[in-house]
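Coordinate-derived values only; no laboratory data. Computed from a predicted structure; not experimentally measured. Cβ: placed from backbone, ideal geometry, glycine included. Neighbour counts: every protein chain shown.
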Amino acid sequence: MLQALIFDVDGTLADTENAHRAAFNAAFAEVGLDWHWDVALYTRLLDVAGGKERIAHYWHTVDPAEARTLRAKNLALRIHDIKTRLYKEQIEGGRLPLRPGVQRLISEAHDAGLPMVIASTTTPANIDALLRTPFGNDWRTLFTAVCDGASVSRKKPAPDVYHAALRGLGVPGYACIAFEDSENGLRAATAAGIPAIVTPTAYTALHSFGDALLVLPHLGDPGQPLGQHIAGADHHWVDLAALSHWHEGTLFEAS
């Protein structure tokens, strides 16, 4: 029986990566660095989970000696703080819409009393900025727990944030379905024993999703249906009945 849903944030709830990339580039300019992350470079950098980690990784590739200095480490923290502020300014007020089906499915699960948890490696401020407009200032009440980048020391593909989510729920991984958009996210969920549905973005479309329960372009809505019929779904969008059907299939296969 399906007992809970677990949601990643960046790329999964909303297609956020262009906004993140623009905020990084603006932050670099603000501190006087001539760095510029274009789409191709940023796509590769997304293999490194976490904004602070991404900055440090890139610095080590362009100037390893400088990257090890205290100045670089302090500046990297400043860059990340500036980037977070700029990102929030970009998306606040609903300027970055949720992906098709996300708001509907979260509302359906809440109305049905199905517990939900956030399991993301992004910062708490980024999650709040994204969800405050579609769900209101008390959006946290929709979720049993909000596990973010500050909750664990190891980020995806390590399963730590999913283990934290399961502790918050008090249920085993096989009783849940996770929603992800990337290979690192899928690997994290799978390592925690959680079947996952993947909805890739342009940045993650070429990732490997062989272990996914299902790979879909998005979750679909009545006004923006999926382009194909999905086995087990009565409609051209993902609802709780379809999720329960797919989840029962995973339990049958496991037995």
Has segment 46-58 got at least one residue that is hydroxyl-bearing (S, T, Y) and either more than 18 Å from E89 (Cα to Cα) or surrounded by fewer than 20 Cβ atoms within 10 Å (Cβ to Cβ) (or both)?
-> yes
The one condition A150 fails out of (1) in a helix (DSSP H, G or I); (2) under 16 Å from the mean Cα position of the chain (by Cα) is (1)
Search result, residues across segment 76-95 that are loosely packed, with under 14 Cβ neighbours inside 10 Å and not in a helix (DSSP H, G or I) | G93, G94, R95
Name every residue in segment 205-232 that is in contact with a strand residue (DSSP E or B) (Cβ under 9 Å, 6 or more places away or on another chain) and within 16 Å of L13 (Cα to Cα), in order of residue number.
-> V215, L216, H218, L219
Using the structure shown, decide if L186 is outside any loop (DSSP other than H, G, I, E, B), surrounded by 18 or more Cβ atoms within 10 Å (Cβ to Cβ) and touching a strand residue (DSSP E or B) at 6+ places or on another chain (Cβ under 7 Å).
-> yes
Considering each residue of segment 105-127, count those that are out of contact with any Phe, Trp or Tyr (no Cβ under 8 Å at 6 or more places or on another chain) and in a helix (DSSP H, G or I), and give that number.
-> 10
